[in-house]
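Structure first, then comments.
The values are calculated or read from the model by the stated rules, or taken from the named source; none is laboratory data. Owing to the predicted nature of the structure, the values given are computational and were not obtained by experimental measurement. Don't worry about glycine lacking a Cβ; one is built from the backbone with ideal geometry, like all the others, and counts go over all protein chains shown.
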There are 2 protein chains.
Amino acid sequence: RNTCWAMERSIRERVPPLLTDLYQFTMAYAYWRAGRHQEPAVFELFFRDNPFGGGFSLFAGLHDCLLFLRSFRFTHEDVEFLRSVLPPVTDPAFFKFLRELDCSAVTLRSVPEGAVVFARVPLMEVSGPLAVVQLLETSLLCLVNYASLVCSNAARFRLAAGPKRKLLEMGLRRAQGPDGGLTASRYTYIGGFDLTSNVQAGFLFGIPVAGTMAHSFVTSFTSLEEVWPQTLVAANGDPDPVDIISLTKGWLSRVCELLEAQPGKIREGELAAFLSYAIAYPQNFLPVIDSYSVGCSGLLNFCAVGLALCELGYQPVGVRLDSGDLCRQSVDVRRGFRLCSEHFSIPAFDSLTIVGTNNIYFCEKSDNSLFKFTVGVGTHLVTCTKQPSLGCVYKLVEVRGNPRMKISEDPEKSTVPGRKAVYRLIDAEGHPFLDLVSLAVESPPEAGVPLSCYPLACDKSSVSVTPAQVTCLRQEAYSKGQVTHPPCSAAETRAKVQSSLQTLHPRHKKLQKPDSYTVALSEQLHNLVTEIRRGSTNNSNFLLAN
Amino acid sequence: RNTCWAMERSIRERVPPLLTDLYQFTMAYAYWRAGRHQEPAVFELFFRDNPFGGGFSLFAGLHDCLLFLRSFRFTHEDVEFLRSVLPPVTDPAFFKFLRELDCSAVTLRSVPEGAVVFARVPLMEVSGPLAVVQLLETSLLCLVNYASLVCSNAARFRLAAGPKRKLLEMGLRRAQGPDGGLTASRYTYIGGFDLTSNVQAGFLFGIPVAGTMAHSFVTSFTSLEEVWPQTLVAANGDPDPVDIISLTKGWLSRVCELLEAQPGKIREGELAAFLSYAIAYPQNFLPVIDSYSVGCSGLLNFCAVGLALCELGYQPVGVRLDSGDLCRQSVDVRRGFRLCSEHFSIPAFDSLTIVGTNNIYFCEKSDNSLFKFTVGVGTHLVTCTKQPSLGCVYKLVEVRGNPRMKISEDPEKSTVPGRKAVYRLIDAEGHPFLDLVSLAVESPPEAGVPLSCYPLACDKSSVSVTPAQVTCLRQEAYSKGQVTHPPCSAAETRAKVQSSLQTLHPRHKKLQKPDSYTVALSEQLHNLVTEIRRGSTNNSNFLLAN
């Protein structure tokens, strides 16, 4: 598949360089006018709180950011539009400057796609000419924010569901725009889902797709006369077609007797729908069984058709429940399967899947344990109901080699100045326990050597820690117009996510009230912050009275 | 601008026909296999609850749906991908059928773009060959769901803000994907916003764009030496450039004295940033003033530069506040402006704008009344924090002229069968008071003639009402491959939204605990529902014991 090509084309259309805030252009102009547009500058991208009240996040969106940087260029049409919206005093030479811009002078250092990350750690460092790196802000934020959020949300569903249960993403219809749906399919897969209902996501990213039928299919049938053909050949290839309608009717009366159901309450249209589907796809029989009544009709119709399929050598897959109390229903359904399996000696009925798809909302591991194998999640997964935005920000930390800092009245909104390095410190058991943010010029921490640092949470006091191992968290990903790390496929990134989540200590993975992970500043960086706050370093001098 | 062309191209790329759930194809195949794919069928699109606990919603997304229908066609590549994911038993002739499909046999009746609508009213009716109208489900839902949600959210912000205050949408960076950002800009404008920060939305939809500077611009400056050029010519065209730095310094000491501020706490970098911006765009001076301290630095620097601009004949625009307690700060800032205006006799300082942009969240009209003129809203507006999904559904209501109904164990999830007409009943004061859903074959209600109907809320009992006027809510929008209603521009739709919201009685527009609007079934439709529930009409007969 031409995935790479399709994605590069798609990024140009999804994220043209005008898909940004107007103020990026007014600022770029003011820099250009003051002759500062080429000054070397460094921005950092981070978020301030782990999402969903959790203890960690996954970083995602890097791949799209790289494609965006590579394709960043203003067309003639773009520039003419800018000419029409910027104030008329704008110097025409500025538009010529825009027309010639690209990202060949930009360098991006980033944590890898799918990395486990924490609040306040600078995830991306974007350096290059001041005006250019400023212009990139909104697009990079837009590409990272939702991708990371929905990937993290998926990882939480995976943690809640345990490693074995199959998880299906099916949120396209409720997503925030078509691209929201596509992004959700991609990054929920990376975050730990197994399947998506979204065919385009299968096409573009190679994600396994799944789905069988909706209620409309069931309610579109009225009677068994609509079933066509009325026969099916056995799985063993015996060329004589079998009258599957009669076969099913026979099974239906036996099932009604076994499950003590009233044959008079069975819906004929539902049976016709199940039969039609089974005849079309005998190896993929997984109907939705709650269009009328699960207990009085859907379950019985499923068992009858399923047993007929078994008799013909096919293995039915299972059922889907989409309304009412899924837990209660799944118990009844599982009981029905077990009775059929035992009574008719059909072991295939022991391994049937129950798919639950009604407003699924995991809380803790213990919940919903009654659903065997597959859970389909839509709205809550893709729109991230609990917190629909991650709140990544992009802050200036250095210009012309000088550290820059925003000192807000709102302490939460202050930034940490200077070009940095980020290290992950790992304990003797192999669990990460602290992310150290230091100045890029400092020497890296060493395994086995104690170091003193300042955790961000408890403002003033320092702690001493000794890492058993140290890893450098960020790598160069884009430089001199080239992507310097070849991107991974969605499946490769997904595997990395799961293995890196495994190293995280369970106390940070609790879905509710996790222990918070420590992010700390090096002593030198801490001192720089203190100096700038005091005004004793050249961030913005106080203007002396004149 | 080539808006129409760009949008049609864009819909093909944003919503290719594979951007749907896999089960649409497995169902289409089962229909095709049973020879039912050409049976005439009718689906309806509606939502079950008004969003945000409100009393109404706005319907949006129609325009994109029409472009989607017009461009709906599978490419060779699409079909080959489907061949690879559908079960291997799928008859090859089915793929030939898909390759030739289009929407020329589909008819869409819809409420107009931007209409005020209510829960459970069928907003769109999609009729055509069963397999085709089934295939359209996910895409139509995806296009309507978020557009209507974010448009309704914007209308609530507008109601809270009152008709005069300027509202700026600036949520792109926090949106759920790039397309979520673009859709938000477009539909929040239609819902009542005035401006967007999103340049691409300006380009594609002609929405007015706005924005000036971020904190990074301010913190990138260190000293007045970075200001270049250091002069500005007066607005009257006098060719002698004025030394605006000296001029501003003079104003700064006067302002410090007037506002009893300490000159020693003024940040030089901030002043340099303001000056650089003012020199670049003297007519558009609206800096962000909270990079260090509003009261100790930002306000004073703004007043100094602003007064210098006034002296040169320019009109400064205002300031932006982006952190801390915006209400308190805006009072202080307004007081500073008034003192300058009075003391220096500069009336321009009375009409300065204060823009507030920190996590804005309107509740009721009385709130936030201190912000004069402009409020910028991002995250809460575009991601619809309070309820990030509308939950539109698409349900089968008729096949081959026979009404279809899903009878769920969950009464909320049951559907209303049959092909319908929808009328809005208006009272003597011109306020809509009831939406009547009747069967399409019934004669329409008449002004002045009493009628009996069954409100959906109070299940069983009927009410008698007499409309002063009756309007038909839906119109044909697409038929025989053609869009039958030419689309309106975003600005035209926006104007219609505001005027139709005006006719809605205030009791339904309350943001909290509104009076609920009545949606009722006609007597004939009510009877049909009752019959089908009883099983006495041919929806799905009960299968008699055999």
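Take the conditions closer than 20 Å to A:Y454 by Cα, away from chain B (no Cβ under 14 Å) and at pLDDT below 95 and apply them to A:T530. Does it pass? Answer is yes for this residue. Just checking, how many residues over region B:149-185 are at the interface with another protein chain (Cβ under 10 Å from one of its Cβ atoms) and not hydrophobic (A, V, I, L, M, F, W, C)? So the count comes out to 11. Anything in region B:317-338 that is touching a residue at least 24 places away in the same chain (Cβ under 8 Å), within 34 Å of the chain's Cα centre (by Cα) and either over 20 Å from B:G269 (Cα atoms) or part of a helix (DSSP H, G or I) (or both)? List them, or say none. Answer for region B:317-338, where residues must be touching a residue at least 24 places away in the same chain (Cβ under 8 Å), within 34 Å of the chain's Cα centre (by Cα) and either over 20 Å from B:G269 (Cα atoms) or part of a helix (DSSP H, G or I) (or both): B:V317, B:G324, B:L326, B:C327, B:Q329, B:S330, B:V331, B:D332, B:V333, B:R334.
Being part of a strand (DSSP E or B) and farther than 17 Å from B:E44 by Cβ, is that true of even one residue in region B:434-445? Checking region B:434-445: at least one residue is part of a strand (DSSP E or B) and farther than 17 Å from B:E44 by Cβ. Is it the case that B:K406 is of a type in the set (K, R) and surrounded by fewer than 22 Cβ atoms within 10 Å (Cβ to Cβ)? Spelling it out, it is not the case that B:K406 is of a type in the set (K, R) and surrounded by fewer than 22 Cβ atoms within 10 Å (Cβ to Cβ). Restricting region B:110-137 to residues that are touching a strand residue (DSSP E or B) at 6+ places or on another chain (Cβ under 8 Å) and small (G, A, S) leaves a set whose member that is surrounded by the fewest Cβ atoms within 10 Å (Cβ to Cβ) is B:S127. In the condition set (1) touching a Gly at 6+ places or on another chain (Cβ under 6 Å); (2) in a strand (DSSP E or B); (3) not small (G, A, S), A:T183 is compliant with all but (2). The residues of region A:207-233 include none that are crowded, with 24+ Cβ neighbours inside 10 Å and over 41 Å from the mean Cα position of the chain (by Cα). Residues in region A:123-140 that are assigned to a helix (DSSP H, G or I), away from every other protein chain (no Cβ under 12 Å) and charged (D, E, K, R): none. Does region A:152-167 contain at least one residue that is within 13 Å of the chain's Cα centre (by Cα), assigned to a loop (DSSP other than H, G, I, E, B) and not assigned by the TED database to the domain that holds A:F56? So far as region A:152-167 goes, no, none of its residues is within 13 Å of the chain's Cα centre (by Cα), assigned to a loop (DSSP other than H, G, I, E, B) and not assigned by the TED database to the domain that holds A:F56.
Restricting region B:293-324 to residues that are of a type outside the set (A, V, I, L, M, F, W, C) and farther than 18 Å from B:V255 by Cα, the residue that is surrounded by the most Cβ atoms within 10 Å (Cβ to Cβ) is B:R320. Within region A:205-230, residues that are more than 7 Å from chain B (Cβ to nearest Cβ) sit with their Cβ atoms under 6 Å from residues that are part of a loop (DSSP other than H, G, I, E, B), at 6+ positions apart or across chains, in these pairs: A:V218/A:S291.
The residues listed here are A:L140, A:L204; of these, the one that is surrounded by fewer than 24 Cβ atoms within 10 Å (Cβ to Cβ) and of a type outside the set (K, R) is A:L204. Considering region B:235-250, and only residues there that are in contact (Cβ under 8 Å) with a residue 60 or more places away in the chain and assigned to a helix (DSSP H, G or I), the residue that is nearest to the other protein chains (Cβ to nearest Cβ) turns out to be B:T248. Pick out the one residue from B:A155, B:A160 that is touching a residue at least 40 places away in the same chain (Cβ under 8 Å) and touching a helix residue (DSSP H, G or I) at 6+ places or on another chain (Cβ under 7 Å). Matching residue, one of B:A155, B:A160: B:A155.
Where helices (runs of 4 or more DSSP H) sit wholly within region B:1-94, those with at least 2 residues that are in contact (Cβ under 8 Å) with a residue 24 or more places away in the chain, crowded, with 23+ Cβ neighbours inside 10 Å and within 12 Å of chain A (Cβ to nearest Cβ) occupy B:3-14, B:22-33, B:62-71. Among the residues of region A:108-122, those that are part of a loop (DSSP other than H, G, I, E, B) and either over 19 Å from the mean Cα position of the chain (by Cα) or not assigned by the TED database to the domain that holds A:A147 (or both) comprise A:R120, A:V121, A:P122.
Might you check whether a residue that is surrounded by 15 or more Cβ atoms within 10 Å (Cβ to Cβ) and under 20 Å from B:R33 (Cβ atoms) occurs anywhere in region A:253-268? Yes, region A:253-268 contains at least one residue that is surrounded by 15 or more Cβ atoms within 10 Å (Cβ to Cβ) and under 20 Å from B:R33 (Cβ atoms). Screening B:A428 against (1) at pLDDT 95 or above; (2) surrounded by fewer than 16 Cβ atoms within 10 Å (Cβ to Cβ); (3) under 30 Å from B:F542 (Cβ atoms) leaves a single unmet condition, (3).
Taking region B:208-234 as the range and being over 30 Å from B:T374 (Cα atoms), assigned to a helix (DSSP H, G or I) and out of contact with any Asp or Glu (no Cβ under 8 Å at 6 or more places or on another chain) as the test, the residues that pass are B:E225, B:E226.
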